1. Taking the Cα atoms only, what angle lies between the long axis of helix B:6-24 and the longest principal axis of chain B, rounded to 10 degrees?
2. Going by C-beta contacts inside 10 Å, put B:PHE63, A:PHE121 in order with the fewest on the left.
3. Rounded to the nearest 0.05, what FRET efficiency do A:LEU63 and B:ASP131 have when you use their Cβ-Cβ distance and R0 = 30 Å?
4. Just report the Cα centroid separation between the range B:107-139 and the range B:1-45, whole Å.
5. Give the lysines reachable from B:LYS67 as a straight Cα distance under 22 Å; neighbours fewer than 8 places away on the same chain don't count.
6. Using a simple spin-label model with points 7 Å from Cα along the Cα→Cβ vector, what separation in nm is obtained for A:ALA111 and B:THR98?
7. Can you list, largest first and rounded to whole Å, the semi-axes you get for the protein assembly as shown by taking the square root of 5 times each eigenvalue of its Cα gyration tensor?
8. How big is the range B:53-139 by Rg and Dmax over its Cα atoms, in Å?
Amino acid sequence: MSDSETIKRNVAIVREFIDAWGAVDPDAAMACLSDDIVYINHPLDPVVGQHDVRQIVAGIMALSKAVNWELRNCFGHGNTVTTERLDCWDFDGNGWGLKLPCIGMFDVNDAGLICGWRDYFDNKMWFDNGGPTLHLD
Amino acid sequence: MTDNSDAKVARNEATVRAFLKGWDDLDVDACMAQCTDNMCYLNQPLEAIRGKADVRKMIASIFEPAKRAEFDLIHVFGKGNRVVTERCDKWDWDGSNTWQLKLHVCGMFELTEDGKILEWREYYDNNNWTDDGGPSLEL
């Protein structure tokens with residue numbers, strides 16, 4: 001695979017992951033992630049592995065009535081893809097109660113699955129506007 | 001030049017690296033030399049700071065209490081007029097030769113056709129910044 005083909009493939013899996021959030025579909029989201037996925041919401045601790053990351057992802061989705069991650073920029077280099085987003089969340093059925101500006105950096109492995117996911121955003125904005133827990137108790 | 005011009009992207013990445021080197025050197029002139037007169041500096045979700053004079057004032061006021069800074073660049077890459085930087089910004093506020101703040105941050109830069117920084121959008125945890133000694137980010 002050429003470099004540009006790899007980047008195209010990597011961008012596609014990241015877009016698929018973002019679409020799974022829009023569909024509020026934890027199975028579809030988790031299918032994009034490797035078994036050894038490392039998920040970091042800085043400065044919180046990393047969440048590692050399918051089992052634990054699924055708990056977080058499914059936990060957030062269970063509390064979400066609707067989700068739309070508006071993609072403002074999405075491009076890749078090497079094994080990494082950047083996504084600049086406005087993540088819109090409806091936690092109570094009353095519309096987008098939270099519009100969270102965010103950048104997510106994704107590392108994609110040789111098999112084409114996301115193995116690193118690092119989101120950068122203001123945690124206070126998340127938690128003050130209804131965002132559920134982002135770590136395992 | 002097209003969106004896929006490698007030369008343009010390389011030039012833009014060099015501009016962004018020069019801008020960030022200005023932070024390592026706590027040199028506001030070096031930073032501002034890479035920016036347009038109408039640049040916008042946005043620390044999400046705070047208010048945008050617009051125009052070279054106000055952005056200069058903001059950056060200078062961050063440098064003022066800093067003894068040393070070093071920005072580790074984890075990823076720097078671009079496409080078209082945009083460059084993303086994934087970084088760990090390290091700050092020494094008290095001169096003890098340690099890093100009291102290590103801020104994990106992503107910055108998205110938009111550049112003009114002639115390679116100057118027009119917009120800079122930073123994404124990070126604001127409490128992480130303020131809790132570990134970061135000064136005010138409002139004018």
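1. Between helix and principal axis, roughly 20 degrees.
2. Values: B:PHE63 17, A:PHE121 24.
Ranking B:PHE63, A:PHE121 by Cβ neighbours within 10 Å, fewest first, gives B:PHE63, A:PHE121.
3. Working: r = 27 Å, r/R0 = 0.90.
Computed FRET efficiency for A:LEU63 and B:ASP131: 0.65.
4. Cα centres, the range B:107-139 to the range B:1-45: 12 Å.
5. B:LYS21, B:LYS57, B:LYS90, B:LYS102
6. Distance between label points: 4.2 nm.
7. On the way: eigenvalues 188, 105, 62 Å².
Rounded to whole Å, the semi-axes are 31, 23, 18.
8. Cα-based Rg and Dmax for the range B:53-139 come out at 13.9, 42 Å.
No lab work stands behind these numbers, since they all come straight from the coordinates. Here the structure is a predicted model, which means the values were calculated and not measured. Neighbour counts are summed over all protein chains in view; Cβ atoms, including those assigned to glycine, are modelled from backbone coordinates with ideal geometry.
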